[in-house]
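Encoded as structure tokens, the structure appears first; notes follow it.
The values are calculated or read from the model by the stated rules, or taken from the named source; none is laboratory data. Just so you know, these numbers come straight off a predicted model, no measurement behind them. A quick note on method: Cβ atoms are made from the backbone with ideal geometry, for glycine too, and the neighbour counts reach across all protein chains shown.
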Amino acid sequence: MLLHLPPELIQLVLQHCSTPAFVEASFSCRALYEIASNCREPILHHLRQTPGLEPDFQLLTSKQLFRLLIQRAFQQLYGAQFHADCTTFKFDSHIIDVKASSFSKSDNTIIALTKRGHDTVSLFRVHEGNLRCITHLQPFRPQPGVVEVLRTTFDNANGVYVLQRFTPIVDGNGPGAGHPFVRQAFQTSPRGEIYLVRYPIQAPNDPIQVCNFPDHTEFEPLALAATQGDTFAISWQHVREENETEVVLYNAQAQSSSNDMPGVTGLFVHFFPALMI
């Protein structure tokens, strides 16, 4: 019945339907495929509704835009019919902090799970529907204090990045108060100090790497991503001006280990804005 309409009306129907329906209709017959793959405005409309980077669409032909839309639709499983067995794992009475947990990108059988209200990150391996604990990553504490795990992610070089908030609870004149990390913690706001800690998975005896972000004491981290070469990105949002957000790409270079804190390697971080929103 749809093919009985003029091509102009068919394009309007394709533009106002959902993206999964657009994709399904495009492959239902050759006539609709020819119309759908050449109607530029409906394709652009559905591209803007589909997650993904937005290149310069003006440089692409309608056919290229259509292929890009189909690629993104497949990634989102639009219109897919699938069935999966679901296994539920419970950790006593604890609740998993979904925002602070993550999957390994290089080995999707490894996951990092964080329990809400706990400061330890647990690494598990998924095998044949079961979870096997690999190790527990203990939090970094420059001195006694409270640690809150905010985000975790994996790089492509067997490293786990943990973004955490540390709030000291001892007097500034106590033991160890002269250490640079401790002094920095006391100089921050009552919200605590944000640290990024990298743990080596394959070499657990190697020192962890730690860095902080003195230029973003007035910001809250929203997201974390990492790749090999000590490169990672953090999305920040201002604590008072919620519309002030930015994504910063960092490249870290290791410094010599500190004698005051054995097993910890400080990171001297060079950064440049990747995206200002």
Would you call PRO20 modelled with pLDDT of 90 or more, in contact with a Phe, Trp or Tyr (Cβ under 8 Å, 6 or more places away or on another chain) and either assigned to a helix (DSSP H, G or I) or surrounded by 15 or more Cβ atoms within 10 Å (Cβ to Cβ) (or both)? no
Mind counting the residues in segment 187-229 that are modelled with pLDDT of 80 or more, out of contact with any helix residue (DSSP H, G or I) (no Cβ under 8 Å at 6 or more places or on another chain) and not in a strand (DSSP E or B)? 8
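To keep it simple, each residue is scored yes or no on (1) free of Cβ contacts under 8 Å to residues at least 40 places away in the same chain; (2) touching an Asp or Glu at 6+ places or on another chain (Cβ under 6 Å); (3) farther than 30 Å from LEU196 by Cα.
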residue: LEU2; (1), (2), (3): yes, no, yes
residue: PRO6; (1), (2), (3): yes, no, yes
residue: VAL13; (1), (2), (3): yes, no, yes
residue: VAL23; (1), (2), (3): no, no, yes
residue: CYS29; (1), (2), (3): yes, no, yes
residue: PRO55; (1), (2), (3): yes, no, yes
residue: GLN58; (1), (2), (3): yes, no, yes
residue: GLN71; (1), (2), (3): yes, no, yes
residue: HIS118; (1), (2), (3): yes, no, no
Single match in ARG125, ARG165 (criterion: at pLDDT 90 or above and within 16 Å of ASP97 (Cα to Cα)): ARG165
Just need a number here: residues in segment 242-257 that are at pLDDT below 90 and of a type in the set (Asp, Glu). 1
Within segment 95-115, does at least one residue satisfy the condition of being in contact with a Lys or Arg (Cβ under 6 Å, 6 or more places away or on another chain), part of a strand (DSSP E or B), surrounded by fewer than 16 Cβ atoms within 10 Å (Cβ to Cβ) and not assigned by TED's automatic domain parsing to the domain that holds VAL23? no
Taking ALA157 and the conditions (1) within 19 Å of the chain's Cα centre (by Cα); (2) closer than 18 Å to ARG191 by Cβ; (3) not in a strand (DSSP E or B), which numbered condition does it fall short on, given that it satisfies the others? (2)
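Within segment 45-69, how many residues turn out to be hydrophobic (A, V, I, L, M, F, W, C), part of a helix (DSSP H, G or I) and surrounded by fewer than 16 Cβ atoms within 10 Å (Cβ to Cβ)?
Final tally of qualifying residues: 2.
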